[in-house]
1. What figure in square angstrom, to the nearest 10, would you give for the accessible area of residue 182 with a 1.4 Å probe?
2. For a quick check: with amide H placed at 1.01 Å from N, whose amide H comes under 5 Å from residue 489's, ignoring anything fewer than 5 positions away on the same chain?
3. Sort 181, 642, 484 by heavy-atom solvent-accessible area, probe 1.4 angstrom, most to least.
4. Arrange the residues 379, 91 by how much accessible surface each exposes, largest first, with a 1.4 angstrom probe.
5. Can you give the FRET efficiency for residue 465 and residue 349, using 1/(1 + (r/R0)^6), R0 = 35 Å, r = Cβ-Cβ distance, to the nearest 0.05?
6. Just the accessible area for residue 622, please: 1.4 Å probe, Å², rounded to the nearest 10?
7. Under 5 Å between amide hydrogens, which residues at least 5 positions from residue 548 or on another chain qualify, with H placed 1.01 Å from N in the peptide plane?
8. Heavy atoms only, probe 1.4 angstrom, no DNA, RNA or ligands counted: give me 487, 432, 339 ranked by accessible area, highest first.
Amino acid sequence: MIRKQRLIWCIKSYTKAYFNKKLYFRGIIGAGQGEYLSMNFEIFFRFISYAAVFCGFLSLWVSDTFGIVGSAIFLAVWIAAWFLEGSRWQISELVGTVLIVLALPVFYLIWKNQLITPTGGDTWIAGILSRLILSLTAIKLLQRKTDRDWIFLYLMSFFEVLLAAGLSISALYLGSFIAYLLVMVCAIIAFEIRKTSRAVKHKIEGSTANKKNETSESQMVLPVRRLPLTAITLIAFIVSLAMPLFFMLPRVGGAGFGGDQKGISTSSGFSDSVTLGRFGRIEQSDEIVMRVRFEGNADSGGLYFRGIALDTFDNRTWSRSKIGPNFAIEKGDRDLVQVDVAASRGDLLIQTIYLEPLDTPTLFALPRPVGVQSSFPAIYRDPYGFLSFPRNSDRVSYKVISDRNVPTDAQLRVDDRSYTSEFQNYLYLPPVYDPKIEELATQITANKSNTYDRALAVESYLKTNFGYTLDQKANGEEPLSDFLFNVREGHCEYFATAMAIMLRTQGIATRVINGYHGVEYNETAGVTIIRQRNAHSWVEVYFPGEKVWVTFDPTPLARQNDALSSSGFAGTVKKYIEALETFWIQYFVSFDDQEQQSLARSLRSGFADYQATISSYIAVARDRLAEWVRQVRGDKGLQASLNAIGYGLGYIAGAVLALLLFIWLYRKIIAARTWQRFRSRFFRNQQASIIEFYERMQKILSSKGFAREPHQTPLEFAFSTGNQAVVSLTKKYNAVRFGELNLSLNEADEIKEWLESLKTAIPSAK
């Protein structure tokens with residue numbers, strides 16, 4: 001009869017929890033029941049483990065490591081493994097081990113003979129390694145799994161996320177990484193609960209009935225729905241400890257994620273040469289080249305990021321006549337390399353440039369850089385004064401201080417000095433060229449008396465009389481002549497070449513500059529975005545009196561306004577994604593020792609400002625107090641003294657009233673038990689309260705001589721005492737312990753009253 005009652009009680013408790021849709025892991029221990037693992041928890045464990053595997057795959061997928069076919073195959077295996085879990089169709093551990101061992105030499109042969117060509121922008125080694133990891137993961141998914149196999153899957157997903165970190169900096173990777181952290185912490189917690197539950201069950205099944213009874217009182221109910229909250233709390237705790245270390249510890253080697261990558265090809269963007277007369281259409285790419293953040297105001301129309309200078313033209317190709325080694329410039333204080341002397345401090349503009357891994361060592365900057373601050377081991381300057389650095393295919397960041405001081409129009413118009421011999425290469429013309437070019441230039445500049453106005457005239461003529469196109473139509477032995485007198489439309493290289501050569505026929509020193517001219521501003525991130533499509537060529541004219549190169553851009557405004565439009569909902573989403581990528585790059589990918597020093601200086605400056613503000617407030621308060629004392633003392637007459645005393649008494653009375661009001665409100669809140677209700681609602685540990693009040697009841701009964709027998713359930717023991725308070729307490733215990741009902745504040749007060757009544761209401765057992 002007793003066993004039948006215990007069985008009915010267990011079935012009722014389990015059924016009640018199930019139909020309340022509570023997923024939890026609990027122990028139901030009576031006389032010989034043992035420890036049971038909820039089937040719902042087992043499903044949750046499998047779900048969260050498969051989700052962890054998927055997050056690892058997702059991080060590789062967003063980095064464009066493999067194509068559609070590979071992704072489809074892995075997803076098919078992942079889905080099939082879920083439905084085959086626990087069935088006889090799963091492969092054995094022996095077969096799985098053999099397949100894993102065979103996979104290693106197979107992938108080695110694939111790598112050695114290059115049987116698979118990775119797609120996307122990943123390196124060859126990374127592509128093969130990612131496929132190997134996914135193959136091993138697929139084998140383990142199809143296998144009958146032990147705890148060791150689940151750990152293997154967790155490790156594989158970790159390696160996938162780690163590998164993807166070196167291949168992608170996109171916001172999608174950041175999202176997949178955050179999802180991986182949350183899911184993996186949940187999976188590890190669930191794995192430990194599952195493992196511990198089986199160990200406890202094994203221990204209980206081998207123990208005596210008394211030990212079973214002792215264990216039953218200490219079992220904890222851990223709802224599965226609390227696992228995500230526990231995971232988030234754990235992640236927040238880890239991040240709160242790790243973030244200060246991340247920003248404070250010194251950096252070694254490359255900056256964060258994204259190192260040692262294949263450089264972005266500049267075939268559809270920047271080039272270190274210019275060749276005219278080719279057929280076809282120039283393909284433009286929206287791939288981001290760099291992001292630039294300015295300290296101060298910058299005219300978006302004047303953002304010309306110089307890359308390389310070209311000075312020699314042979315009717316078809318621009319090249320460089322000055323052949324000589326680049327020389328290194330030593331660093332000064334704060335890793336600052338001074339490359340020129342600033343004309344004035346008022347026109348300095350600081351740019352922080354986050355450069356993608358281009359396949360060129362060029363260091364891009366706004367005109368006339370005077371200082372570069374970076375973590376580069378060296379900075380080199382070529383014979384033309386342009387800068388480069390030892391490129392190692394990393395994403396890099398550096399700061400450039402540019403002198404934006406430009407002589408006024410009046411100063412340039414009176415600059416009539418002749419050129420010295422060192423500038424003769426900038427006056428060089430091809431040995432043979434169409435004489436109509438010089439005739440046209442002479443005609444355009446006929447009424448201009450100075451170099452500056454002649455340059456403006458040629459620039460204006462080309463902008464207003466020619467069309468812009470990406471189709472390369474001009475051809476022949478002299479593509480420039482074909483462009484000027486036949487085709488009359490072209491791209492920026494034709495316009496820059498035309499202006500440079502036309503001015504040289506008039507004895508004006510010019511050079512063609514290749515770089516980027518971009519006007520796309522992301523106000524969400526506060527950065528200027530430079531893309532491959534922003535690659536541009538323009539002209540610089542030298543004014544010997546002012547000793548300055550001045551920028552002229554003869555390309556029609558139709559091209560310069562051809563910025564990538566970002567309007568509508570899609571454009572807004574795109575801007576936010578790019579802003580997130582910028583944040584990720586700025587504070588994680590490119591956060592090196594240079595950024596650490598900048599952050600330290602900002603913190604010191606902010607702390608100094610805070611100290612200055614507090615000191616000013618204290619000084620004002622001290623001055624006012626001293627003034628009040630002088631007035632009370634009568635230094636300014638009797639009337640002023642009486643007024644000061646009155647103000648002082650008023651302030652004191654106001655402070656006393658405020659204090660009394662605070663005390664009154666505090667007592668009201670305590671009397672209303674508002675804090676207790678709030679704490680009970682959000683922070684109260686129900687399980688601790690349950691165990692605490694039931695154990696207190698057992699101690700009271702034990703002191704009276706009532707002890708629960710091993711074969712008795714809690715409710716049977718309560719009825720055997722013959723006390724209604726004990727029965728009521730036990731019912732509350734069962735309802736909350738096994739039904740997962742929450743105690744209200746009134747019920748908690750009622751339980752306290754029952755416990756107090758037991759001390760006097762129950763006589764000692766004889």
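1. Approximately 60 Å² for this residue.
2. Correct list: 467.
3. Putting 181, 642, 484 in descending order of accessible area: 642, 181, 484.
4. Values: 379 0, 91 45 Å².
From most accessible down to least: 91, 379.
5. Computed FRET efficiency for residue 465 and residue 349: 0.55.
6. Approximately 140 Å² of residue 622 is accessible to the 1.4 Å probe.
7. Long-range HN contacts for residue 548: 543.
8. Highest to lowest solvent-accessible surface, that is 432, 487, 339.
The values are calculated or read from the model by the stated rules, or taken from the named source; none is laboratory data. Fair warning: this is a prediction, and the values are worked out from it, not measured in the lab. A quick note on method: Cβ atoms are made from the backbone with ideal geometry, for glycine too, and the neighbour counts reach across all protein chains shown. These area figures cover heavy atoms from the full protein model, side chains too; ligands, DNA and RNA do not enter into them. Shrake-Rupley method; radii C 1.70, N 1.55, O 1.52, S 1.80 Å.
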